[in-house]
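These notes concern the structure reproduced below.
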């Protein structure tokens, strides 16, 4: 830039000399010289400006390049770059993969159970399904949680999690299916990176198996002992297990399912490839039917030479898929049917959220289990209910009815997809975890301490020694910056009337569909 300025000044000096030379001539010549001078200045200015732009784009002026990039960068991205990045020390000097002695000052945890308030308050209200946190913790609301209650949950727990002064300790009790426990702990560590210093001291037991175990019937008597607080991935109407987001939100590397943020993006792009009305007008399902009798029963609804129940069902062989590099397992590529079936396996199925995000109308075979978010979804608004005791006829009617009412069918499918994309994005998954753990910690009637056999864990102890797809998913899902705002604002608990209206609304919608089905099959029998 300095070089171009010197060139311009030199040319300007020469032009001034020419003007002085012509000033001694006649008045007419003086006017012509003045005109020539200004034309000359304009030409020179354009040339120098052009050179300046070329040099800036090629990197000759770092200041200008920075300004140009800044102008094209969204405000959120610029803000992100200004935030201090939380380090991950996997250097050669950290061969033992130990946790840092302390985080930098900006990430230092507060002492005891104090919650940091330095982050600006969030203006967003949490989604409605956050209200179920209050319901899940209601059994301990009056008397609180004692150390003895927590110890009783150890009988089936796979690990004990303890947070003291912002540091995390784990005591493991047994192996889990694949690496559920590890990835669940990884998710909790990322929550602490997102909201550093804002989780209180706490202690909990976590069971990574499928089915809930804390039976409600044993604790209905007012004189009975309080139930043990036990965390897991799903619950049902007959149990009191505390529901927590499952491990797959941070990726399921064993079957090549990416972390949730990446999957959401791919599903959204997959939805845009084919308009709903142009999709295959059948009910689609692909999975492992051998994990539960209800799924084996579903396979009887597949199309055959004798009967077409409007269902297209496929067996997923995960062993074969892993050998072929999961080339035919892309979730986004399966959004090509108008209708997708959700059916539970041994318990709830991780596939639920992926199916609901596909823009297809979800045909939900009556579920027994619920996840942390599924209680926020309603029949005939987010999905179409399917009978579990008469699947084939129920599926046949659902496809027939909705193919004749395509606008309504498409709207229900889109409502579910919007729910997953907007109210189930990763920000809210972390906020749900944050509020659940904070509300749980408020109920503890003792001060947690580090167990004798517990080991400290952090992102370094988990990510640094990891390899392959597991490490790739960890790095992809790792929280690199603390949140700029506080978590969303928790909604209040349900009052008794609201809960009654909720269950009545679900019951009425399901029974309405049953009445439609009954009339349909009655009319079909008359035709025969």
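All of the numbers you see were taken from the coordinates with simple rules; none came from a lab. These numbers were taken from a predicted model, which means no experiment stands behind them. Note that we place each Cβ from the backbone using ideal geometry, even for glycine, and neighbour counts take in every protein chain shown.
Packing order of peptides 448-455, 279-286, 258-265, highest average first: 279-286, 258-265, 448-455 (average count of other Cβ atoms within 10 Å over each peptide's residues). Each residue, residue 510 and residue 381, gets one label point 7 Å from its Cα in the Cβ direction; the gap between the two is 1.6 nm. Potential lengthening of the chain between residue 272 and residue 299 amounts to 6.8 nm, from the contour at 0.36 nm per residue minus the alpha-carbon distance.
Just so you know, the Cα atoms of the stretch 201-337 work out to an Rg and Dmax of 20.1, 63 Å.
For the stretch 143-204, the alpha-carbon coordinates run over 36, 31, 16 Å along the three principal axes, in decreasing order. Modelled spin-label separation between residue 238 and residue 467, with each label point placed 7 Å from Cα along the Cα-to-Cβ direction: 4.5 nm.
Spacing of the modelled spin labels on residue 501 and residue 418, each 7 Å from Cα toward Cβ, amounts to 2.1 nm.
Taking a point 7 Å from the Cα of residue 445 along the Cα-to-Cβ direction, the residues of the stretch 182-221 with backbone N closer than 18 Å to it are 202-205, 219-221.
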